[in-house]
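The values are calculated or read from the model by the stated rules, or taken from the named source; none is laboratory data. Everything numeric here is computed off the predicted structure, so don't read it as measured data. Reconstructed Cβ throughout: ideal geometry from the backbone, glycine too, with neighbour counts over all protein chains shown. Accessible surface areas use protein heavy atoms only, side chains included; no ligands, DNA or RNA. Shrake-Rupley method; radii C 1.70, N 1.55, O 1.52, S 1.80 Å.
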Amino acid sequence: AQSVTQPDIHITVSEGASLELRCNYSYGATPYLFWYVQSPGQGLQLLLKYFSGDTLVQGIKGFEAEFKRSQSSFNLRKPSVHWSDAAEYFCAVVPAPYSGAGSYQLTFGKGTKLSVIP
Amino acid sequence: EAGVTQFPSHSVIEKGQTVTLRCDPISGHDNLYWYRRVMGKEIKFLLHFVKESKQDESGMPNNRFLAERTGGTYSTLKVQPAELEDSGVYFCASSQESAAGPSYEQYFGPGTRLTVT
């Protein structure tokens, strides 16, 4: 079945440590790819997106993600985590962009909760 | 510029009652989306408005859910009658219209947490 998988439900890292959150998708074509973050009491904020071109994309708040077609992955990374990064992170895809009325809905993974130890 | 706003932030109702959720998109955004996250599950798409028209309602779970966007501005999502399985967080998002169609950058509101008891 077509899906978006975030294998880690909860990750805990120490402040200053590096971070990698995993995301895999199972769609035939290359979808549009997104990472969103939800801090407590806030809406989902777009961190970064990949449509085409350079497979390493930079986002806000010091985050980056790399698209790897061969692995159907779009992992999110940050070299040094800050306590304010504690939040829930969602990977999302648009499976078939510009393919009709139903092609604008985002399909989400289940999310990864990030805890940061001071 | 104000972001997407949703009202109420939290609603607790009894099974069988009616609840109406409201979403105000970012000003000028023609596209409005509703999503829902049931506890422990992923965020799922419900429907997509372009102005006042329903572009895609493939995610609406059943006919107890009615979404409207009169005048192409704010939208309401009514659940009538509510069931226990309707509990969850309802998100609204909006996006601009581009030359190629809706922008794929969707801006989300904080959500409405609905609890049906």
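Quick look at the values:
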{"quantity": "Failed criterion for residue A:77 (all others in (1) part of a strand (DSSP E or B); (2) touching a Cys at 6+ places or on another chain (Cβ under 9 Å); (3) open to solvent by 50 Å² or more (accessible area, probe 1.4 Å) hold)", "calculated": "(2)"}
{"quantity": "Leading residue by the ranking (nearest to residue A:65 (Cα to Cα)) among those in the stretch A:25-47 that are hydrophobic (A, V, I, L, M, F, W, C), in contact (Cβ under 8 Å) with a residue 24 or more places away in the chain and touching a helix residue (DSSP H, G or I) at 6+ places or on another chain (Cβ under 9 Å)", "calculated": "A:47"}
{"quantity": "Residues located in the stretch B:88-110, provided they are over 19 Å from residue A:34 (Cβ atoms) and buried (at least 19 other Cβ atoms within 10 Å of the Cβ)", "calculated": "B:88, B:90"}
{"quantity": "Residues satisfying the stated conditions in the stretch B:7-51, i.e. facing chain A (nearest Cβ under 9 Å), open to solvent by 50 Å² or more (accessible area, probe 1.4 Å) and in contact (Cβ under 8 Å) with a residue 60 or more places away in the chain", "calculated": "B:9"}
{"quantity": "Complete set of residues in the stretch A:90-103 that are open to solvent by 30 Å² or more (accessible area, probe 1.4 Å), more than 7 Å from every other protein chain (Cβ to nearest Cβ) and among the hydrophobic types (A, V, I, L, M, F, W, C)", "calculated": "A:96"}
{"quantity": "Enumeration of residues in the stretch A:1-17 that are farther than 13 Å from residue A:86 by Cα, open to solvent by 60 Å² or more (accessible area, probe 1.4 Å), away from chain B (no Cβ under 11 Å) and in contact (Cβ under 8 Å) with a residue 40 or more places away in the chain", "calculated": "A:2"}
{"quantity": "Unique residue being in contact with a Lys or Arg (Cβ under 6 Å, 6 or more places away or on another chain) and of a type in the set (A, V, I, L, M) when the list is A:46, A:33, A:19", "calculated": "A:19"}
{"quantity": "Residue A:92 vs. criteria under 18 Å from residue A:25 (Cα atoms) and either in a strand (DSSP E or B) or acidic (Asp, Glu) (or both)", "calculated": "yes"}
{"quantity": "Count - residues of the stretch B:52-69 that are away from chain A (no Cβ under 14 Å), within 18 Å of residue B:4 (Cβ to Cβ) and open to solvent by 60 Å² or more (accessible area, probe 1.4 Å)", "calculated": "2"}
{"quantity": "Flag if residue A:64 is open to solvent by less than 40 Å² (accessible area, probe 1.4 Å), of a type in the set (Asp, Glu) and at pLDDT 95 or above", "calculated": "no"}
{"quantity": "Candidates B:58, B:11 - the one that is over 10 Å from the mean Cα position of the chain (by Cα), part of a strand (DSSP E or B) and among the hydroxyl-bearing types (Ser, Thr, Tyr)", "calculated": "B:11"}
{"quantity": "Test set (1) touching an Asp or Glu at 6+ places or on another chain (Cβ under 9 Å); (2) surrounded by 14 or more Cβ atoms within 10 Å (Cβ to Cβ) - residue A:106 fails condition number", "calculated": "(1)"}
